[in-house]
């Protein structure tokens, strides 16, 4: 990611939650707040244990990070962006197996929802992103 740095401090996450604008959807909530550094964005990805086991949570993180990377050049700079995965829907549970099957979104579902959130938060640079979102 060229113009993006990771958010690692808890206070930055709290600042985005308290002072930022947000958009909530079926699978993700996206918070955005202007940061002090106008040259780059800062990205934080939050996936709670309710979203599944560690393998499933990391898969969701990788999907979000890759979708963000692909749309990064179309986004405005100077924002702290926190993407929080909401609780996943359970497909099935068994009595013997404590691991619960979780429906993990595919790449295109993540792309479509993040594009919607970025558009609703007015994070795109220009209107060309609207055409891409509709495709």
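The values are calculated or read from the model by the stated rules, or taken from the named source; none is laboratory data. Everything quoted here is computed from the prediction, not taken from an experiment. Don't worry about glycine lacking a Cβ; one is built from the backbone with ideal geometry, like all the others, and counts go over all protein chains shown.
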Selection count where residues are under 17 Å from residue 66 (Cα atoms) and out of contact with any helix residue (DSSP H, G or I) (no Cβ under 6 Å at 6 or more places or on another chain), scope segment 30-42: 2
Taking the options 87, 131, name whichever one is modelled with pLDDT under 95 and either part of a strand (DSSP E or B) or more than 26 Å from residue 15 (Cα to Cα) (or both). 131
Got at least one residue in segment 51-59 being under 14 Å from residue 114 (Cα atoms), crowded, with 17+ Cβ neighbours inside 10 Å, without any contact (Cβ under 8 Å) to a residue 60 or more places away in the chain and in contact with a strand residue (DSSP E or B) (Cβ under 7 Å, 6 or more places away or on another chain)? no
Matching option when the condition is touching a helix residue (DSSP H, G or I) at 6+ places or on another chain (Cβ under 8 Å), in a helix (DSSP H, G or I) and closer than 19 Å to residue 107 by Cβ, among 66, 72: 66
